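Colleague: Below you'll find the structure I mean.
The values are calculated or read from the model by the stated rules, or taken from the named source; none is laboratory data. Keep in mind it's a predicted model, so treat the numbers as computed, not measured. Virtual Cβ from ideal backbone geometry, glycine too; neighbours counted across all protein chains shown. Just the protein is used for accessible areas: all its heavy atoms, side chains included, with ligands, DNA and RNA removed. Shrake-Rupley method; radii C 1.70, N 1.55, O 1.52, S 1.80 Å.
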Amino acid sequence: KTGIFLNEAKTNSIAVIASGFFHRQDGFYGLKTYLGQQGNFFGNVMYQGIIDNTNHNIVTGATLMYDKYDETVNGEKFERQFIVPGVFGEYTYNYLDKFTLVAGVKLDIPDQFTPQFNPRLHLKYAPGKGATIRVSAGRGFRIPNVYAENSFVFASSRHWMIEEKPTYEVAWNSGISYMQ
C-alpha cells in the first residue's frame, strides 16, 4: 500500500494497493489425486476526497484481478485464467457521528463473462449512548473453483460429473443488527 495526500488539510489523496499470492495444494485420497496451483494478483488505484465539507466523502477508483489455475485431477489437466478489470465509486455521508450512510457501486468486466454491476448500501444509526443500529444490503459475484473448494469429495467413492464449464456465482446479501 502506498498513497499521497493532495492538499495540506489531508482531505484528498491518491493510493495504490497491490497484493498477490501463489498457492500450491497437493492431495492424495487413496487412488484419487488432486494437484493444484493458483497464482493471484489484485491491484487497486483510488482517489479519496471530500465534497464541500468532511460530512461528504467520496472514493473512486479502478481495480484489476488476475487469477490463474493449473490443476490435475486423476491425471487429467485443467488450466484456466481470469482477468477482471473494474471501476467503482462510493459516497459516505456522516452526520455528527450519529448517522452514517455509505452507498457504493462497482462495475466488474470479466474477460469471460458478462459485465457485473454490484451496488451496495450501508446505514448506521446511533439512537443513544452505547446503542447502534446497522442495516446493509448489496450484491456480489465470484468465480468458483470447483475442485479445490470441494476436495472433501475426493475422499469418498462418489463419481464426479461436471457437465458444463463453471460460470460465476451471484449473491445478494442483506442484514440488520442492533447492538447495545
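Colleague: Would you work out if the range 79-162 is rounded, prolate or oblate? Take a ≥ b ≥ c from the square roots of the eigenvalues of the alpha-carbon gyration tensor; rounded if a/c is under 1.5, else prolate when a/b is larger than b/c, oblate otherwise. Display every interim value, and only then the final one.
Modeller: Details: a/c = 4.94, a/b = 1.88, b/c = 2.63.
The shape class here is oblate.
Colleague: I've got another one for you. So what does the Cα-only Debye profile of the chain read at q = 0.08, 0.15 Å⁻¹, as log10 I(q)/I(0), no solvent term?
Modeller: Log10 I(q)/I(0), no solvent term: -0.41, -1.02.
Colleague: How high is the relative contact order of the range 48-98, in percent, with contacts defined as C-alpha pairs under 8 Å that are six or more residues apart? It would help to have the intermediate numbers written out before the result.
Modeller: Numbers: 75 pairs, mean separation 20.2, N = 51.
Relative contact order of the range 48-98: 40 percent.
Colleague: Express in Å², to the nearest 10, the accessible area of TYR34 obtained by rolling a 1.4 Å probe over the protein heavy atoms while all chains stay in place.
Modeller: In the full protein context, TYR34 sits at about 10 Å².
Colleague: For the range 165-179 and the range 1-57, what is the separation of their Cα centres, given in Å?
Modeller: A separation of 21 Å, based on Cα centres.
Colleague: Oh, and also: Remind me, relative contact order of the chain in percent, using alpha carbon pairs under 8 angstrom and six or more residues apart? If you can, show how the numbers build up before the last one.
Modeller: Details: 397 pairs, mean separation 24.0, N = 180.
Relative contact order for the chain comes out at 13 percent.
Colleague: From largest accessible area down, sort TRP172, TRP160; use a 1.4 Å probe on the protein chains. Can you show the working numbers first?
Modeller: Working: TRP172 170, TRP160 65 Å².
From most accessible down to least: TRP172, TRP160.
Colleague: In the full protein assembly as shown, how much of ASP111 is accessible to a 1.4 Å probe, in Å² to the nearest 10?
Modeller: 80
Colleague: Given an 8 Å cut-off on Cα distances and at least 6 residues of separation, report the relative contact order of the range 1-74 as a percent.
Modeller: Details: 151 pairs, mean separation 21.4, N = 74.
Computed value for the range 1-74: 29 percent relative contact order.
Colleague: Give me the extension gain from THR72 to ILE17: residue separation times 0.36 nm, minus the current Cα-Cα distance, reported in nm with one decimal. Walk me through the numbers before you get to the answer.
Modeller: On the way: separation 55, 0.36 × 55 = 19.80 nm, distance 3.23 nm.
Gain in length upon complete extension: 16.6 nm.
Colleague: Right, next: Looking at the range 103-180, which trypsin sites (Lys or Arg not before Pro) are DSSP coil and have at most 16 other C-beta atoms within 10 Å of their C-beta?
Modeller: On the way: sites: LYS106, ARG120, LYS124, LYS129, ARG134, ARG139, ARG142, ARG158; in loops: LYS129, ARG158.
Taking the range 103-180 and a limit of 16 other Cβ atoms within 10 Å, the loop trypsin sites (Lys or Arg not before Pro) found are LYS129, ARG158.
Colleague: Reachable lysines from LYS98, Cα under 24 Å, same-chain residues fewer than 8 places away excluded?
Modeller: Reachable lysines: LYS10, LYS124, LYS129.
Colleague: A further question on this structure: Sticking to Cα atoms, compute the Rg of the range 29-90 to one decimal and its Dmax as the biggest Cα-Cα distance, whole number, in Å.
Modeller: Rg then Dmax for the range 29-90, in Å: 20.1, 66.
Colleague: Oh, and also: Assuming a ≥ b ≥ c are the square roots of the Cα gyration tensor eigenvalues, decide whether the range 76-122 counts as rounded (a/c under 1.5), prolate (otherwise, with a/b larger than b/c) or oblate.
Modeller: On the way: a/c = 4.82, a/b = 3.28, b/c = 1.47.
Prolate, since a/c reaches 1.5 and a/b exceeds b/c.
Colleague: Ordered by packing density, taken as the mean number of other Cβ atoms within 10 Å over each peptide's residues, highest first, how do 6-14, 79-87 rank?
Modeller: On the way: 6-14: 11.7, 79-87: 14.7.
Per-residue Cβ counts within 10 Å, averaged per peptide and sorted highest first, yield 79-87, 6-14.
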